[in-house]
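The values are calculated or read from the model by the stated rules, or taken from the named source; none is laboratory data. None of the values given here were measured: they were computed from a predicted structure. Here the Cβ is made from the backbone with ideal geometry for all residues, glycine too, and neighbour counts use every protein chain on show. In case anyone asks, the SASA skips ligands and DNA or RNA and just uses the protein heavy atoms, side chains included. Shrake-Rupley method; radii C 1.70, N 1.55, O 1.52, S 1.80 Å.
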Amino acid sequence: MNVLLWHVHGSWTTAFVHGKHRYLVPVTPDRGPWGLGRARTYSWPDTVVEVPLHRLSSEEIDIAILQRPSEVDLLDALLGRRVPRIYVEHNTPKGDVPDSRHPMADRDDLLVVHVTHFNDLFWDTGDTRTAVVEHGIVPPTASYTGELDRFAVVTNEPVRRGRVTGTDLMPRFAAVAPLDVYGMGVAGLAVPDVTAHEDVPQARMHAEVARRRAYLHLCRWTSLGLSLIESMAMGIPVVALATTEAVAAVPPDAGVLSTRVDTLVEAAQWLLEEPEAARRLGARAREAAGTRYGLDRFLADWDRLLEEEVCASR
């Protein structure tokens, strides 16, 4: 198939475009939000083709993957014709939870696909059809060593998002050991014993994260972060807030989860003092991530949905 999608979420898109299809990614001269093109910090296969935004109407498109509400009208304006479409919801609802109405609610012209069962439960999509395809990841090449008495965090825009990303909790863990925070929009962090690493290429970031003793997942309200799954897949023990989908992703013997921050701080101290315990939890984390979030399962689930939607439109 020829699958159109905008480059919005780097890690998710990286897994998605490893399928058997041809992936058309819009590009604009400024590589702005409507034409970011191919990834610069992720490894994508040659089946991902950049298409100038203004030339989309001349492309053969079997199905469109939409990820932002404004893409719906933009797609109609650019193509001038209807194509099957799936809307992927990556995020937890905002506003009047649990009564948040999804922007694609009560539509009969698309399918909303959630990346977690938590999101499917909490979003009100009305009469719109929904499905869940849980995350899958390209297996990282790095493996856990845990040689550094430091903790790793991967998050985007922790300064702007603040309590959502648990930025206010970082000092409590930094008092146990220094934190290395990776992601986009992290450069403005000004927290003692916290070092920011801005937009590091994925492979290099994985290699560095794997050297830290444990991975901290401090997000209060977010969909399941792929960086959490990637860390588990590298064999890194995780210390995580027991919120949203994390409680389903991390088995009890693969890390420490709690809504009591003191418990998590104590767990971080324990993993710092007991490297063998950290390796034991990390080994179980790797096993759990491979079983639930394998790339083959993810791509097979998506192939089934793509084929069903395209066939239903004919």
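Okay, here's what the table says:
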| read-out | value |
| --- | --- |
| Identity of the residue in region 1-49, polar (S, T, N, Q) and without any contact (Cβ under 8 Å) to a residue 60 or more places away in the chain, that ends up least open to solvent (accessible area, probe 1.4 Å) | Thr13 |
| Some residue of region 168-180 being open to solvent by 20 Å² or more (accessible area, probe 1.4 Å), modelled with pLDDT of 95 or more and of a type in the set (Val, Ile, Thr) | yes |
| Arg204, sole failed condition from (1) surrounded by fewer than 23 Cβ atoms within 10 Å (Cβ to Cβ); (2) in contact with a helix residue (DSSP H, G or I) (Cβ under 8 Å, 6 or more places away or on another chain); (3) basic (Lys, Arg) | (2) |
| Top-ranked residue in region 27-51 [being in contact with a strand residue (DSSP E or B) (Cβ under 6 Å, 6 or more places away or on another chain) and of a type outside the set (Gly, Ala, Ser); ranked as farthest from Val83 (Cα to Cα)] | Arg38 |
| Candidate set from region 240-263 (those that are in contact (Cβ under 8 Å) with a residue 60 or more places away in the chain and not polar (S, T, N, Q)); member that is nearest to His9 (Cα to Cα) | Glu245 |
| Of all residues making up region 226-254, the number that are in a loop (DSSP other than H, G, I, E, B) and either open to solvent by 20 Å² or more (accessible area, probe 1.4 Å) or hydroxyl-bearing (Ser, Thr, Tyr) (or both) | 6 |
| Enumeration of residues in region 79-131 that are buried (at least 17 other Cβ atoms within 10 Å of the Cβ), of a type in the set (Lys, Arg) and part of a loop (DSSP other than H, G, I, E, B) | Arg107 |
| In region 142-156, the residues that are modelled with pLDDT of 95 or more and open to solvent by 40 Å² or more (accessible area, probe 1.4 Å) | Ser143, Thr145, Glu147, Leu148, Asp149, Arg150 |
